[in-house]
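I have placed the structure first, in the form of structure tokens, so that the comments after it can refer back to it.
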Amino acid sequence: MEQKEKFRLTGLERAWILYDVGNSAFVLLVATLIPIFFNALAEDGGLSSVEYLAYWGYAASAVTVITAILSPILGTLADTKGFKKPIFILCLVVGVAGCCAMGLANTWLPFLLIFIFAKVGFSGSLVFYDAMLSDVTEPERMDVVSSRGYAWGYIGSCVPFLVCLALVLGAGAIGLSQMTALNISLFITAVWWLVTTLPLLKNYKQVHYVEVKEHAIRQSFARIGHTIRHLHEDKQVLWFLLAFFCYIDGVYTIIDMATAYGTALGLDTTGLLLALLVTQIVAFPSALIFGRLSSKYPSTTLIPVCIAAYAGIAAFAFFLTQQWQFWVLAVIVGMFQGGVQALSRSHFAKITPPEKSGEYFGLFDICGKGASFLGTMIVSVGSQLTGSANVGVGSLIVLFIIGFVLFKMSCKE
């Protein structure tokens, strides 16, 4: 009974988790229907399948470069008293508005530009969302709360996705064109994302902060400059960030480009969507299991297990040619995706000072979503040079091997 009470979520923790439920719907849409939308526009514009995959990768890379530049600046500013919540809201509005606006694009280039706009807003919001973890819970609860955030995000995102999928697949039966159905799907996802964020906006208060000074923006630049200059003094944080840069780069690249990869291989679209839905369903109990395992085993043991599994996933991608193989890949990804993301987030929150959470999670985002510039470039350039999507995606194994070695080095500090 005492054990159950220990892990009972507070109202604020539940509100924080709900944002994962909301933004994960956008993530799932980006991994499934949005690439199909872009593929239709690309075909109308005369692009080949390899060019389609490459341009999609370049767009994802552009997002990560922009996010990498903005995240540490905004994150450091957000550590100032009273700043974190307003900047979070700004990023949320940009992401939600961009999600709605994508449906207005009629050709592939404007669509990609709006996609970049929406994804930057989404990625920016996650810097502050992740940094809120130290405000909404205690260090000893972080692994479980973080894991539950990802777990409920995976399963919760399936609710709007199933509605959207039914709309797209049954568009003809209800008298809609597929493009109209996709437009409605974008709007449904944006509304879901916004509504599930409202409890967090109502209940969240910044607990850890730096006091406001006369020149808050100048002070923020000075703080991040000081942190970067002295980062080498904290070897554990430095080695972890370098490791995270590599392994999570590969994880996010696989998530972002899964549907584009399967489409480039000529696999059945409906089968791809259902396989990725299975990924979300499998990820729900898997993330909860990793959260429970974290009470018995430290994150320094569990994270390397996840990295090694992803190295195996990348190796498997070299040989993927059939629909059933994509299904196998989808299940295995689901088993480890939530674990590696949740444990990495909580592990980093525990080894960094809480009053500088925005600043440090800005750096964390550079080494995560910001760093996926490298992964998407590896896939895009590898695909174009060899004419094989398998070689492009399979090459990500290098990132997981390097990440594994660097993480082990961080554990020695």
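The values are calculated or read from the model by the stated rules, or taken from the named source; none is laboratory data. What you are looking at is a predicted structure, and each value in this text was computed from that prediction instead of being measured. Heads up, the Cβs are rebuilt from the backbone with ideal geometry, glycines too, and the neighbour counts pull from every protein chain shown. Just so you know, the surface numbers come from the protein's heavy atoms only, side chains and all, with ligands and any DNA or RNA stripped out. Shrake-Rupley method; radii C 1.70, N 1.55, O 1.52, S 1.80 Å.
Observations, loosely collected:
- Unsatisfied cross-links (Cα-Cα over 18 Å) in the set LYS119/LYS205; LYS81/LYS350; LYS205/LYS356; LYS119/LYS202: LYS119/LYS205; LYS81/LYS350; LYS119/LYS202
- Think of a 1.4 Å ball rolled over the protein heavy atoms: the chain then has 39 Å² of accessible area per residue.
- Here the spin labels are modelled as points 7 Å beyond Cα on the Cα-Cβ line, and at VAL328 and LEU90 they lie 4.9 nm apart.
- Calculated from the structure at hand, Cα extents along the principal axes in Å is found among [x] 75, 54, 37; [y] 55, 49, 41; [z] 91, 53, 42 as [y].
- Rolling a 1.4 Å probe over the protein heavy atoms leaves CYS411 with an accessible area of roughly 60 Å².
- Listed residues ARG14, ARG292, ARG141 arranged by accessible area, highest first, probe 1.4 Å: ARG292, ARG14, ARG141
- Accessible area of the range 74-217 belonging to carbon and sulfur atoms, whole % at 1.4 Å probe: 71
- Rounded FRET efficiency, nearest 0.05, which uses the C-beta distance separating LYS408 from SER48 and R0 of 35 Å: 0.25
- Take the Cβ atoms of THR270 and VAL305, set R0 to 35 Å, and the FRET efficiency comes out at 0.60.
- Alpha carbon centroid spacing (whole Å) that separates the range 112-147 from the range 150-181: 25
- Helix 33-44 and the longest principal axis of the Cα set of the chain meet at an angle near 40°.
- Solvent exposure, largest accessible area first (probe 1.4 Å, DNA, RNA and ligands not counted), of ILE254, ILE402: ILE402, ILE254
- Maximal additional length on extending the LEU238-TYR297 stretch stands at 19.0 nm, based on 0.36 nm per residue less the C-alpha distance.
- Protein accessible area in the range 6-57, 1.4 Å probe - carbon and sulfur %: 53
- Accessible surface of TYR58 - all protein chains present, 1.4 Å probe, nearest 10 Å²: 80
- Residue-averaged 222 nm ellipticity for the chain, from DSSP H runs of 4+ at -39500 (n - 2.57), nearest 500: -26500 deg cm²/dmol
- Taken over the Cα atoms of the range 1-105, the convex hull encloses 155 Å³ per residue.
- Under the criterion of Cα pairs below 8 Å and six or more residues apart, the relative contact order for the chain equals 31 percent.
- Integer Hz, Karplus 6.51/-1.76/1.60 couplings in order for the range 16-22, x for Gly and Pro: 5, 4, 4, 5, 5, 4, x
- Spin-label pair ALA40-PHE7: with each label point 7 Å from Cα along the Cα-Cβ axis, the two points sit 4.3 nm from one another.
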